[in-house]
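Enquirer: Got a structure for you, questions after.
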Amino acid sequence: MNLNLTGQSVALIGCARGIGRAIADGFSAEGCHVRGFDRERSADFITAGDVTSHEAVKTFADSFATVDHVVYCVGIGSGKFGFPFWNLEPSDWTRVLEVNLVGAVNVAHAFAPRLIERGAGSMLFLTSVAGQVGSQTDPPYSASKAGLINFMQCAAKDLGPHNVRVNALAPGMVKTELNQSIWAAGQQKLPEEQRQSFDDWARGKIKKVSHLGRWQMPEEYAAMACFLASDHARNITGQTINIDGGQVMHA
């Protein structure tokens, strides 16, 4: 399938590693001009900055002559095991909400005028299956991703009349640093004799939650991100697309 993305400009926020880096590589392979924004400048195409600073994000947006697609791949957890939720303090929520939700809002505010002026394009937010099922593992993370799904729908309605599409991608079990941090936080709550290696923990969890019984890979999200940016997806907006091995099914 020819996605016809060659020469298009992509702003990718959160692309130093993991799914974000895979998405950057995917767009580059399609012939796009990719520029990234991340807290660390780990590659030449990345500008260092903090998504919780609207001024920094707007400066990044203003550096584009034109932009066709915006992708938000940022996500952090609380670093604590949240079951039950009172294992956490209210103060554990602030940074997670600022990065996962307010950061996305900053990006939308900064780039929407450019997409509206162009009269075409797309935004894509990386959410999580945790935002759809009320995951107890990390309530601040789960709630922030649920809020992001709702904001995505609001943005899709606002930008639709301007021919700008807005969607979300929801990962399930992916081999990333975030999943490893969830494992580590959970193991700290267990007696030493009940602790598991990351591979054993992941194998058990995948068997429990995924009907296909296997890891999802970052490259799968890259392929879907590129498809959603293409004209083949010109009638897809306001949708949360799960790539999760069947973990979440809405009847």
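Enquirer: Order these by the 10 Å Cβ neighbour count, fewest first: 176, 59, 240, 127.
Expert: Lowest count first: 59, 176, 240, 127.
Enquirer: So for the pair residue 190, residue 58, with labels modelled 7 Å out along Cα→Cβ, what separation do we get in nm?
Expert: 4.8 nm
Enquirer: Sort 152, 1, 217 so that the residue with the fewest other Cβ atoms within 10 Å of its own Cβ comes first and the one with the most comes last.
Expert: Going from least to most buried by this count: 1, 217, 152.
Enquirer: Quick check for me: using +1 on Lys/Arg Cβ and -1 on Asp/Glu Cβ, what's the dipole size of the chain about its Cα centre, in debye to the nearest 20?
Expert: Using Cβ point charges on Lys, Arg, Asp and Glu, the chain gives about 400 debye.
Enquirer: Let me confirm the definition first: pairs of Lys residues in segment 9-243, 8 or more apart or on different chains, C-alpha distance under 28 Å. How many are there?
Expert: Lysine pairs satisfying the spacing and distance rule in segment 9-243 number 21.
Enquirer: Calculate the spin-label point distance for residue 232 paired with residue 198, positioning each point 7 Å from the Cα along the beta-carbon direction, and give it in nanometres.
Expert: Modelled inter-label distance: 3.3 nm.
Enquirer: Just want to confirm a number: the relative contact order over the chain, from Cα pairs under 8 angstrom separated by 6+ residues, in percent.
Expert: Relative contact order for the chain comes out at 21 percent.
Enquirer: Charges at C-beta only: +1 for Lys and Arg, -1 for Asp and Glu. How large is the resulting dipole of segment 1-120 about its Cα centre, in Debye rounded to 20?
Expert: It works out to roughly 80 debye.
Enquirer: For the chain, what does the helix formula give at 222 nm: sum of -39500 (n - 2.57) over DSSP H segments with n ≥ 4, over the residue count, nearest 500 deg cm²/dmol?
Expert: Calculated at 222 nm, the ellipticity per residue is -12500 deg cm²/dmol.
Enquirer: Given [x] 131; [y] 192; [z] 115 as candidate values of volume of the Cα convex hull per residue in Å³, which corresponds to the one derived from the coordinates?
Expert: Structure-derived value, by its label: [x].
Enquirer: Report the one residue of 37, 146, 123 whose Cα lies farthest in the direction of the positive end of the charge dipole of the chain (charges on C-beta: Lys and Arg +1, Asp and Glu -1; origin at the Cα centre).
Expert: Towards the positive end, the residue furthest out is 146.
Enquirer: Something else about it: Helix 18-29: angle to the longest alpha-carbon principal axis of the chain, degrees 0 to 90, nearest 10?
Expert: With rounding to tens, the tilt is 30 degrees.
Enquirer: Run through segment 101-154 and list the trypsin sites (Lys or Arg not before Pro) located in a DSSP loop whose Cβ has at most 12 other Cβ atoms within 10 Å.
Expert: Loop-located and lightly packed - none at all.
We did not get these values from a lab; they are worked out from the coordinates using the rules stated. Remember, predicted model here, so these are calculated numbers, not experimental data. Glycine gets a Cβ as well: all are built from the backbone with ideal geometry, and neighbour counts include every protein chain shown.
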